[in-house]
Amino acid sequence: MRIALLQSSGRPGSTVENIKVLDEAAGRAAAAGAGLLVAPEMFLTGYAIGDDVARLAEPADGDSADAIAELASRHGLAVAYGYPERADATVHNSVQLISADGTRLANYRKTHLFGCFERDQFTPGEQPVVQAELDGLRIGLMICYDVEFPENVRAHALAGTDLLLVPTAQMHPFQFVAEHLVPVRAFENQMYVAYVNRVGAEGEFEFVGLSTLAGPDGVARTRAGRAEELVLADADPVALAASREANPYLKDRRPALYGSLL
């Protein structure tokens, strides 16, 4: 599967404009042969938008989800995007995966909230592993800070995730996460990891870009820079199967020794 990573902060505060940005990127991604487009954390509304998070939050099946399902179907590729999800009286930091025919495949709520801003605005999710099947790959969903907890990613490995999508809002001075930690997570868990970041100044934050698709060998298949960019790379299930056969990490685990971690 060819995957397009949309490194962009969009137009913070404007859902309508961000859907336009996503639509244009979907057209370019489809023309380049991509079967999946991944956008950053909170792409639908912007990240550093203060109390507008609650005002702009929508249900998983809201108007914006319908609009993104339409553009996914029109361009013929799946789309994963971050957004603030309204669920009754709560708001979650969520990512939704929509198939190339416009079907809503999976919705994940961020389980590990980062910093006072997120803890003030969001309710954490309680389901650590959310997956969907797409074009022969088992897709897992996660958001930003979640990937920095090794237990989280290992849970996905044990559940058979082939490609982990991680929309993120990675900020200065933590760029080592994109540069080093993400490839290590891919290697130690024998999966592809698509880490898709915002970029540039937004409110008090400076997002560092460096979006990447890391392979099960720990090598980046593509790496964006520090500007708005659409980068593409392939996730190969044959190469993944060969890597899993050669790498003994998951087979050599001794879970009986790890009880103290709980």
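I'm trying to understand the selection: among the residues of region 90-111, which are open to solvent by 50 Å² or more (accessible area, probe 1.4 Å) and hydrophobic (A, V, I, L, M, F, W, C)? If the condition is that a residue be open to solvent by 50 Å² or more (accessible area, probe 1.4 Å) and hydrophobic (A, V, I, L, M, F, W, C), then 105 is the only one that fits. Within region 22-43, being among the acidic types (Asp, Glu) and either surrounded by fewer than 17 Cβ atoms within 10 Å (Cβ to Cβ) or in contact with a Phe, Trp or Tyr (Cβ under 7 Å, 6 or more places away or on another chain) (or both) holds for 24, 41. Among residues that are polar (S, T, N, Q), under 18 Å from the mean Cα position of the chain (by Cα) and over 22 Å from residue 45 (Cα atoms), residue 168 is not included. Filtering region 240-257 to residues that are farther than 16 Å from residue 164 by Cβ and within 23 Å of the chain's Cα centre (by Cα) leaves only 241.
Within region 206-220, the set of residues being surrounded by fewer than 18 Cβ atoms within 10 Å (Cβ to Cβ) and hydrophobic (A, V, I, L, M, F, W, C) comprises 219 only.
State whether the residues of region 69-89 include one that is β-branched (Val, Ile, Thr), surrounded by fewer than 24 Cβ atoms within 10 Å (Cβ to Cβ) and either touching a strand residue (DSSP E or B) at 6+ places or on another chain (Cβ under 8 Å) or over 21 Å from residue 197 (Cα atoms) (or both). Scanning region 69-89, I find no residue that is β-branched (Val, Ile, Thr), surrounded by fewer than 24 Cβ atoms within 10 Å (Cβ to Cβ) and either touching a strand residue (DSSP E or B) at 6+ places or on another chain (Cβ under 8 Å) or over 21 Å from residue 197 (Cα atoms) (or both), so the answer is no.
Consider region 134-176 and keep the residues that are in contact with an Asp or Glu (Cβ under 9 Å, 6 or more places away or on another chain) and among the hydroxyl-bearing types (Ser, Thr, Tyr). The one that is farthest from residue 204 (Cα to Cα) is 145.
For region 221-262, the candidate set comprises residues that are in contact with a helix residue (DSSP H, G or I) (Cβ under 8 Å, 6 or more places away or on another chain) and assigned to a strand (DSSP E or B); within that set, the residue that is least open to solvent (accessible area, probe 1.4 Å) is 230. Within region 1-32, the residues that satisfy the criterion of being among the small types (Gly, Ala, Ser) and under 14 Å from residue 76 (Cα atoms) are 4, 25, 26, 27, 29, 30, 31, 32.
Those strands (runs of 3 or more DSSP E) of region 1-109 in which 2 or more residues are closer than 23 Å to residue 225 by Cα and at pLDDT 95 or above occupy 2-7, 36-38, 78-87.
Just to verify a result, which residue in region 44-60, among those that are in contact with a helix residue (DSSP H, G or I) (Cβ under 6 Å, 6 or more places away or on another chain) and within 28 Å of residue 133 (Cβ to Cβ), is most open to solvent (accessible area, probe 1.4 Å)? Looking at residues that are in contact with a helix residue (DSSP H, G or I) (Cβ under 6 Å, 6 or more places away or on another chain) and within 28 Å of residue 133 (Cβ to Cβ), I get 58. As a summary of the residue check, residue 19 satisfies the conditions (1) among the aliphatic types (A, V, I, L, M); (2) crowded, with 19+ Cβ neighbours inside 10 Å; (3) in contact with a strand residue (DSSP E or B) (Cβ under 8 Å, 6 or more places away or on another chain) except for the one numbered (3).
The values are calculated or read from the model by the stated rules, or taken from the named source; none is laboratory data. Everything numeric in this text was worked out from a predicted model, so none of it was measured. Reconstructed Cβ throughout: ideal geometry from the backbone, glycine too, with neighbour counts over all protein chains shown. These accessible areas exclude ligands, DNA and RNA; they are computed on the full protein's heavy atoms, side chains included. Shrake-Rupley method; radii C 1.70, N 1.55, O 1.52, S 1.80 Å.
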